[in-house]
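A short write-up of the structure that comes next.
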Amino acid sequence: MHQLLKGTPLQGGKYRIEETVAQSDVSITYLATWVAYNLKVCIKEFFMKGFCDRAGNTTVVTHALEGSVAPYIREFLREVRTLASLDHPSIIRVHDRFEENNTAYYVMDFVEGPTLADIIGKHSRLEEKKAREYVEKIADALHYMHEQGITHQGVEASNIMVRSRDNTPILIDFCLSKHSSGVRSFSPQQDIHALAALFYQMLTGKVLPAPDEVTLETFAELTDVTPSVVDAIERASHPGLASMPASIPDFLSALKGSAAGAFQVDLSVVGEEEEDEEEEETPTAPLHLPPIGGEPEAPQTHKPEEPQTENTGNQELSTNPALPLSGGDGGGLHPTPEERAASAKRAADMDREAALARSASVERGPQAHKPTTSKSHKPVWETKKEPVKTAEELQKEKYSAVSQQFAKNMARNQSGNGGSAGLFVLLAVVVVIALVAYFLL
């Protein structure tokens, strides 16, 4: 008989043992009462098999070799102090620790409900959705511990209680927990492998074989399971390999199929950066280069002007906007010999057209004129033309003026010779009529 008997007091009656709940290789767990609050709690006692013993009805623990377990007890108490600082809904809360009966104890919450091992034994296997809910909550608790530099290294179905009132899985057995500052190495991948094995057990009802015993037939047991889940469990079942998830978030990402591992995620990020650099090098607007060869288009909003040429040494620089200044490749200001010849020919043609226009203006006389531009770029002179009269029309105008003057003279004579006025008036009228009839006919 190694367990404490029912009713055994601890810490001077502060706690009272009710019954034994479980026993492992390094500890015994009891259901107890916190007397002052009449509250049920669990008390874990350090009791290493093969090294610890308790005779008869005594409470004192004896050691096979004196001092052989003392270092382990100190480590046990140190880790309990660290675990008492944790605060997570899926991690059991630690309230107290003390040394007594030549061993050590710590007090934690009592979780009313079955262990995950009890649930698996009852249902043989769980539906993927329900098993995944348990795994994700336990994974979140492990990730929280890893951020504190702590690994559990004891994740298994019997160390997880499922609280009946809200179906929350809770890690309870921390006697094998390892801290990064302790003598044992810090290795999150051991917890990841244990979590994958737990997932496998919930889905198949079987224990995952050791890494060196895993075969293709092992994962054939995962029937009607999402492929990404099968892949995640398969990769996490080989600790130390390159495909092994490096962290809990990597394992959860693999379950969702959103990433094949941390190294593949990094590669995808690099690919996105290269694509972004290529997009930045692409010009946002096309380059408008001068035309290469051929006649340049005439400006639509300005009238062409006669070329004004400035000679500087042997280089002729044309200020006519119609003449291109670029070279044959569209990128320089020095014309090629062919362009020089074409420019000179166009200038000569325009000079010749201007000379012809000036000569036509001289022949027509100093008439008002206004230069305009046609589609062929030839000036057109618009003049105001006066009607040309024939010699006959000029003669009629002359005699008409004479007859009018004669009539005026007769009128003046009539006013001076009172008696013969009527005769003269009649004679004048006859003469005028005769002249008019002559010219009209």
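Data overview
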{"read-out": "Residue that is modelled with the lowest pLDDT, among those in the stretch 65-89 that are of a type in the set (Ser, Thr, Tyr) and surrounded by fewer than 18 Cβ atoms within 10 Å (Cβ to Cβ)", "value": "Ser68"}
{"read-out": "Criterion violated by Ser158 - all others in (1) surrounded by 14 or more Cβ atoms within 10 Å (Cβ to Cβ); (2) at pLDDT 95 or above satisfied", "value": "(2)"}
{"read-out": "Residue in the stretch 200-208 that is basic (Lys, Arg) and modelled with pLDDT of 90 or more present", "value": "yes"}
{"read-out": "Residue within the stretch 36-43 that is in contact (Cβ under 8 Å) with a residue 40 or more places away in the chain, among the β-branched types (Val, Ile, Thr) and surrounded by fewer than 18 Cβ atoms within 10 Å (Cβ to Cβ) present", "value": "no"}
{"read-out": "Lone qualifier among Val80, Val69 - being among the hydrophobic types (A, V, I, L, M, F, W, C) and touching a Cys at 6+ places or on another chain (Cβ under 7 Å)", "value": "Val69"}
{"read-out": "Condition check for Tyr30: touching a helix residue (DSSP H, G or I) at 6+ places or on another chain (Cβ under 7 Å), among the hydroxyl-bearing types (Ser, Thr, Tyr), open to solvent by less than 80 Å² (accessible area, probe 1.4 Å) and more than 30 Å from Leu203 (Cα to Cα)", "value": "no"}
{"read-out": "Subset of the stretch 4-15 (residues that are of a type outside the set (Gly, Ala, Ser) and surrounded by fewer than 17 Cβ atoms within 10 Å (Cβ to Cβ))", "value": "Leu5, Lys6, Thr8, Pro9, Gln11, Lys14"}
{"read-out": "Number of positions in the stretch 200-221 that are closer than 22 Å to Ile119 by Cα, surrounded by fewer than 17 Cβ atoms within 10 Å (Cβ to Cβ) and not basic (Lys, Arg)", "value": "4"}
{"read-out": "Single condition Cys42 does not satisfy, out of (1) within 29 Å of Leu142 (Cβ to Cβ); (2) hydrophobic (A, V, I, L, M, F, W, C); (3) in a loop (DSSP other than H, G, I, E, B)", "value": "(3)"}
{"read-out": "Residues (over 30 Å from Ile170 (Cα atoms) and part of a loop (DSSP other than H, G, I, E, B)) located in the stretch 60-96", "value": "Val60, Ala64, Leu65, Glu66, Gly67, Ser68"}
{"read-out": "Of all residues in the stretch 16-25 being in contact with a Leu (Cβ under 7 Å, 6 or more places away or on another chain) and open to solvent by 30 Å² or more (accessible area, probe 1.4 Å), the one that is modelled with the lowest pLDDT", "value": "Val21"}
{"read-out": "Matching option when the condition is modelled with pLDDT under 95 and out of contact with any Gly (no Cβ under 7 Å at 6 or more places or on another chain), among Thr168, Thr151", "value": "Thr151"}
{"read-out": "Selection from the stretch 138-170 of residues that are in contact (Cβ under 8 Å) with a residue 60 or more places away in the chain, among the hydrophobic types (A, V, I, L, M, F, W, C) and assigned to a helix (DSSP H, G or I)", "value": "Ile138, Ala139, Leu142"}
{"read-out": "Yes/no for Glu217 being modelled with pLDDT of 85 or more and either in a helix (DSSP H, G or I) or more than 23 Å from Lys206 (Cβ to Cβ) (or both)", "value": "yes"}
{"read-out": "Selection count where residues are of a type in the set (Ser, Thr, Tyr) and within 33 Å of the chain's Cα centre (by Cα), scope the stretch 124-160", "value": "1"}
{"read-out": "Inter-residue pairs, beta-carbon under 9 Å, first touching a residue at least 12 places away in the same chain (Cβ under 8 Å) and surrounded by fewer than 20 Cβ atoms within 10 Å (Cβ to Cβ) and in the stretch 92-107, second in a strand (DSSP E or B) and among the polar types (S, T, N, Q), 6+ apart", "value": "Asn102/Thr62"}
{"read-out": "Scope the stretch 44-64; condition out of contact with any helix residue (DSSP H, G or I) (no Cβ under 7 Å at 6 or more places or on another chain) and surrounded by 17 or more Cβ atoms within 10 Å (Cβ to Cβ); matching residues", "value": "Lys44, Glu45, Phe47, Cys52, Arg54, Val61"}
{"read-out": "Of all residues making up the stretch 124-145, the number that are modelled with pLDDT of 95 or more, of a type in the set (Gly, Ala, Ser) and either under 23 Å from Gly205 (Cβ atoms) or open to solvent by 20 Å² or more (accessible area, probe 1.4 Å) (or both)", "value": "2"}
{"read-out": "Scan of the stretch 23-39 for residues that are part of a strand (DSSP E or B) and not hydrophobic (A, V, I, L, M, F, W, C), ordered by number", "value": "Gln23, Ser27, Thr29, Tyr30, Thr33"}
{"read-out": "Test: residue in the stretch 272-285 that is open to solvent by 40 Å² or more (accessible area, probe 1.4 Å), over 38 Å from the mean Cα position of the chain (by Cα) and modelled with pLDDT under 90", "value": "no"}
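The values are calculated or read from the model by the stated rules, or taken from the named source; none is laboratory data. Not measured: the values here are computed from a predicted model. Virtual Cβ from ideal backbone geometry, glycine too; neighbours counted across all protein chains shown. Protein only, heavy atoms only, side chains kept; ligands, DNA and RNA dropped before computing areas. Shrake-Rupley method; radii C 1.70, N 1.55, O 1.52, S 1.80 Å.
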